[in-house]
Amino acid sequence: MHVRRITAFSRYLVFILLPGIFLVSQSAFAVERQNLFDWYYSAVFGTGAYSIAGRDVFVINIPYERTLREASEDKYKLVLTAPLTLGFYDYGFDSITDLDIPTDVATATLLPGIYAIVPMSEEWTLKPFANLGYGKEFAGGEDAIVYSAGVRSLYRIRDDAWHIALGNALYYAGNTRAGQTDLGFAAFEVAIDVSHETDYVVEGQKLYLGVYAAVYTFSNLEFIESEDTTFEVRDQYEIGVSMSTHKPVKVLGIEMDRIGIGYLTSGDLKAVRLAFSFPY
């Protein structure tokens with residue numbers, strides 16, 4: 001058992017190190033300016049309040065998943081996903097503390113896709129994925145075709161008291177807008193989540209309290225700062241706290257195994273995000 005775990009972990013280390021070396025070695029491409037809040041970025045980075053170059057944006061992500069095929073000894077699990085993301089401009093941290101409710105939808109993005117869960121060992125799974133969707137900005141009338149493809153990795157170490165999860169992702173994403181150059185970026189993510197068992201019980205399951213941290217590295221991800229200038233996001237750092245259970249529980253009819261809140265920063269971009277899963 002220990003030999004198999006060490007072998008699996010060695011293969012996992014190769015998986016997470018090679019993409020990082022690849023991204024660091026890439027030279028930056030010349031790109032044109034994008035909309036204030038990149039279409040793909042806003043569709044996948046989750047519910048939260050984002051401050052970008054002095055402008056506030058609030059994003060609500062509504063997830064949807066349906067299992068197309070359950071896993072078996074000779075088949076991997078296949079899942080259909082179709083998250084809907086709504087964006088609200090000029091709604092930020094002050095609005096949240098004042099308990100103001102956002103009403104005017106500024107952007108909407110539907111990003112359907114499919115992913116597979118492929119077990120590499122008892123502790124390690126890979127999740128190749130692909131998405132193709134559509135985004136609309138109602139204020140300016142701009143719209144975009146949004147796409148992505150890549151792979152996520154999850155390595156779990158669990159016992160009765162501790163849950164440790166190591167997550168990684170490597171993908172390419174972008175958008176195509178009418179009359180403008182296609183824009184895209186590569187990304188590599190590294191994250192860790194550590195939680196410990198408590199005496200509290202939720203629907204018959206022990207509640208775990210934890211902390212997590214993540215680093216996101218991008219190539220060619222840019223945001224508009226003014227009509228004539230942009231700023232590039234290269235690295236983002238996130239720390240947060242979470243509550244979780246071993247198996248999903250239903251909250252307001254929605255299954256979830258984790259609720260967390262984190263702070264994300266990267267120069268001109270800052271955010272307070274809500275997390276309802278460890279996204280690997």
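When segment 134-158 is limited to residues that are within 16 Å of the chain's Cα centre (by Cα) and crowded, with 16+ Cβ neighbours inside 10 Å, the one that is nearest to S195 (Cα to Cα) turns out to be L154.
Residues of segment 221-244 being touching an Asp or Glu at 6+ places or on another chain (Cβ under 8 Å) and modelled with pLDDT of 90 or more, which ones?
We begin by selecting, within segment 221-244, every residue touching an Asp or Glu at 6+ places or on another chain (Cβ under 8 Å); these are 221-223, 225, 230-233, 242, 244.
If the condition is that a residue be touching an Asp or Glu at 6+ places or on another chain (Cβ under 8 Å) and modelled with pLDDT of 90 or more, then S242 is the only one that fits.
Check whether at least one residue in segment 47-70 is within 24 Å of Y216 (Cβ to Cβ), among the polar types (S, T, N, Q), modelled with pLDDT under 75 and under 17 Å from the mean Cα position of the chain (by Cα), and report yes or no. So far as segment 47-70 goes, no, none of its residues is within 24 Å of Y216 (Cβ to Cβ), among the polar types (S, T, N, Q), modelled with pLDDT under 75 and under 17 Å from the mean Cα position of the chain (by Cα). Restricting attention to segment 77-117 and to residues that are at pLDDT 80 or above and small (G, A, S), the residue that is surrounded by the most Cβ atoms within 10 Å (Cβ to Cβ) turns out to be G87.
What's the total number of residues in segment 104-125 that are part of a strand (DSSP E or B) and without any contact (Cβ under 8 Å) to a residue 40 or more places away in the chain?
Step one: filter segment 104-125 for residues part of a strand (DSSP E or B), giving 107-110, 113-119, 124-125.
Filter once more, so that each one left must be without any contact (Cβ under 8 Å) to a residue 40 or more places away in the chain: 108, 110, 113, 115, 125.
Final tally of qualifying residues: 5.
Out of all the residues in segment 206-221, which are more than 15 Å from I239 (Cα to Cα) and buried (at least 21 other Cβ atoms within 10 Å of the Cβ)? Within segment 206-221, Y208, F218, L221 qualify. Of the residues making up segment 199-220, those that are modelled with pLDDT under 90 and more than 21 Å from the chain's Cα centre (by Cα) number 9.
The values are calculated or read from the model by the stated rules, or taken from the named source; none is laboratory data. Nothing here was measured: the structure is a model prediction, and the numbers come from that model. A quick note on method: Cβ atoms are made from the backbone with ideal geometry, for glycine too, and the neighbour counts reach across all protein chains shown.
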